[in-house]
Amino acid sequence: MHIAARIARMAESSTIAATARGKALAAKGLPVLSLSAGEPDFDTPENVVAAAIDALRRGETHYAPTAGTSEARQAVARKLRDENGLGCTAAEVTITVGAKHAIYLALQTLIDPGDEVLLPTPAWVSYAPMIELAGGVVVEVPGDPARGYLVSAEEIERAITPRTRALVFNNPINPTGTVHSADSVRAIAAMLAGHPRITVIADEIYEKLIYPELDPQANTCSIGSCSEVAERTITVNGMSKAYAMTGWRIGYAAAAGAGAAAIREMIKLQGQMTNGIASFCMPAVVEALTNSSASVESMRTAFAARARLVSEAIATMPMLSAPTSTAAFYSFIQLGTALGRVSPAGRRLDSPSRFCEALLDEALVATVPGEDFGGAGRTAFRISFACSEADLREALGRLRGFLEQLTD
Ligand code: PMP
Ligand code: GLU
């Protein structure tokens with residue numbers, strides 16, 4: 001069968017592939033520890049589960065409006081107003097099949113063939129393929145590991161050309177586990193004031209997972225709350241990470257004022273694609289956004305403790321280095337002189353992929369190689385600490401043992 005060229009040349013998601021490789025080994029009975037999936041190990045809060053079950057029992061099993069019920073859209077708009085300082089109404093919100101599809105819809109809606117899209121890197125593996133599927137050209141803005149991989153307003157501005165159409169701004173960041181300060185976000189918005197053609201796609205899916213416990217400076221703000229770009233920012237968020245709802249597949253996008261024209265086009269596209277999320281999940285969106293802050297805070301506290309554990313362990317490991325994880329649940333680790341060495345089973349570790357493959361096969365620890373995150377990811381790998389503390393300690397011990405056995 002003929003496969004369309006744009007799909008044939010697209011890479012598969014390396015976060016999903018790495019997770020699947022770990023699961024396949026575990027299914028053979030091997031005691032694999034997974035530090036690959038970006039997925040909380042907690043259960044969805046009980047009140048959120050109950051809201052969906054109640055909706056099912058009430059018979060809410062028919063098509064819902066494509067962009068979501070008015071109650072769910074209102075809950076999102078209220079959240080964005082009260083917590084993020086965005087000026088949007090329910091009509092300016094759409095609820096999507098995960099944040100992933102919100103980003104896909106936004107890129108399809110905004111990008112014409114040949115348009116350049118700025119992407120600070122390392123960046124989550126799915127942005128570049130989605131930009132390219134829309135016909136866009138990825139323009140990486142590489143972040144320096146020594147500065148938490150964070151790019152400045154000046155660095156972004158230097159990459160702007162007359163063809164630049166959008167900036168994908170993920171904050172806090174997957175895979176780096178770092179977060180732009182509120183001052184840095186404001187500086188980027190102020191810089192964009194001089195570039196009115198550029199739309200911002202702000203992916204804030206990790207906004208609730210920030211750890212001032214590890215660095216009192218860890219704080220941020222939503223770029224969509226900055227007046228310079230308020231009406232040309234599409235803010236994307238979702239339930240997966242903060243509420244431990246990855247399998248529910250619920251995200252959303254919103255844009256205020258003039259930006260709402262893009263949301264209307266996204267809803268048009270959604271109506272031709274998924275027709276929105278499962279109808280009985282709508283009350284769960286309302287419940288999560290309005291009645292779950294205690295659950296979110298207890299998960300956040302647990303992630304902060306694991307972030308400390310990981311950052312302290314990596315700091316004492318031979319060859320490796322990583323910025324302290326002050327957000328999300330990732331550490332993005334430079335391989336340093338481990339690259340090029342030989343594993344206990346005799347593999348030459350000449351790339352992050354080879355390193356992660358050997359770490360999985362020989363030490364039974366699943367991680368994600370850094371290449372597909374771009375930029376400094378080409379010499380790094382990612383671990384996710386969204387697993388139990390006991391597994392994390394054991395996996396870090398195996399990683400240390402593996403490094404100590406590398407030879408020249
Ligand atoms: N954005 C980022 C930065 C992510 O890490 C993920 C991974 N889940 C998503 C978006 C997509 O999340 P979901 O589709 O589960 O809402
Ligand atoms: N976003 C998560 C990750 O980075 C889940 C997998 C995916 O969608 O990429 O691991």
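Return the only residue of Met282, Met239, Met299 being more than 22 Å from the chain's Cα centre (by Cα) and open to solvent by less than 20 Å² (accessible area, probe 1.4 Å). After applying the criteria, what remains is Met282.
On the stretch given as region 27-44, residues that are touching a strand residue (DSSP E or B) at 6+ places or on another chain (Cβ under 9 Å), under 18 Å from Gly247 (Cβ atoms) and either among the acidic types (Asp, Glu) or not in a loop (DSSP other than H, G, I, E, B) (or both) total 2.
Set side by side, the residues Ala75, Ala52, Ala91 differ, and just one is in contact with a Phe, Trp or Tyr (Cβ under 6 Å, 6 or more places away or on another chain), more than 30 Å from Arg378 (Cβ to Cβ) and in a helix (DSSP H, G or I), which is Ala52. Remark: pairs (first residue in region 246-273, within 11 Å of ligand 1 (Cβ to nearest atom); second residue among the acidic types (Asp, Glu); Cβ separation under 6 Å; 6+ apart in sequence or on different chains) = Thr246/Glu39. Among the residues in region 219-240, are any at pLDDT below 95 and more than 16 Å from ligand 2 (Cβ to nearest atom)? Scanning region 219-240, I find at least one residue that is at pLDDT below 95 and more than 16 Å from ligand 2 (Cβ to nearest atom), so the answer is yes. Taking the numbered list (1) free of Cβ contacts under 8 Å to residues at least 40 places away in the same chain; (2) more than 12 Å from ligand 1 (Cβ to nearest atom); (3) surrounded by 19 or more Cβ atoms within 10 Å (Cβ to Cβ) in turn, Arg197 passes all entries but (3). Checked against (1) under 30 Å from Gly276 (Cα atoms); (2) loosely packed, with under 15 Cβ neighbours inside 10 Å; (3) charged (D, E, K, R); (4) away from ligand 2 (no atom under 12 Å from the Cβ), Asp41 passes all but condition (2). Between Glu71, Glu60, the distinction of being surrounded by fewer than 15 Cβ atoms within 10 Å (Cβ to Cβ) and away from ligand 2 (no atom under 16 Å from the Cβ) belongs to Glu71 only.
For (1) buried (at least 16 other Cβ atoms within 10 Å of the Cβ); (2) in a helix (DSSP H, G or I); (3) at pLDDT 95 or above; (4) among the aliphatic types (A, V, I, L, M), each residue gets a yes or a no:
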{"position": "Phe303", "(1), (2), (3), (4)": "yes, yes, yes, no"}
{"position": "Arg306", "(1), (2), (3), (4)": "yes, yes, yes, no"}
{"position": "Glu312", "(1), (2), (3), (4)": "no, yes, yes, no"}
{"position": "Pro318", "(1), (2), (3), (4)": "no, no, no, no"}
{"position": "Ile333", "(1), (2), (3), (4)": "yes, no, yes, yes"}
{"position": "Thr337", "(1), (2), (3), (4)": "no, yes, yes, no"}
{"position": "Ala345", "(1), (2), (3), (4)": "no, no, yes, yes"}
{"position": "Asp350", "(1), (2), (3), (4)": "no, no, yes, no"}
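Within region 285-295, being under 15 Å from Val76 (Cα atoms) and open to solvent by 60 Å² or more (accessible area, probe 1.4 Å) holds for Thr290, Asn291, Ser293.
To keep it simple, each residue is scored yes or no on (1) over 19 Å from Ser388 (Cα atoms); (2) open to solvent by 70 Å² or more (accessible area, probe 1.4 Å); (3) away from ligand 1 (no atom under 15 Å from the Cβ); (4) out of contact with any Lys or Arg (no Cβ under 9 Å at 6 or more places or on another chain).
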residue	(1), (2), (3), (4)
Arg9	yes, yes, yes, yes
Arg21	yes, yes, yes, yes
Ala24	yes, no, yes, yes
Ser36	no, no, no, no
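When restricted to residues that are among the small types (Gly, Ala, Ser) and open to solvent by 10 Å² or more (accessible area, probe 1.4 Å), region 170-181 contains 1.
The values are calculated or read from the model by the stated rules, or taken from the named source; none is laboratory data. Model, not experiment: these values are computed from the prediction. So basically every Cβ, Gly included, is an ideal-geometry build from the backbone, and we count neighbours across all protein chains shown. For accessibility, only protein heavy atoms count, side chains too; no ligands or nucleic acids. Shrake-Rupley method; radii C 1.70, N 1.55, O 1.52, S 1.80 Å.
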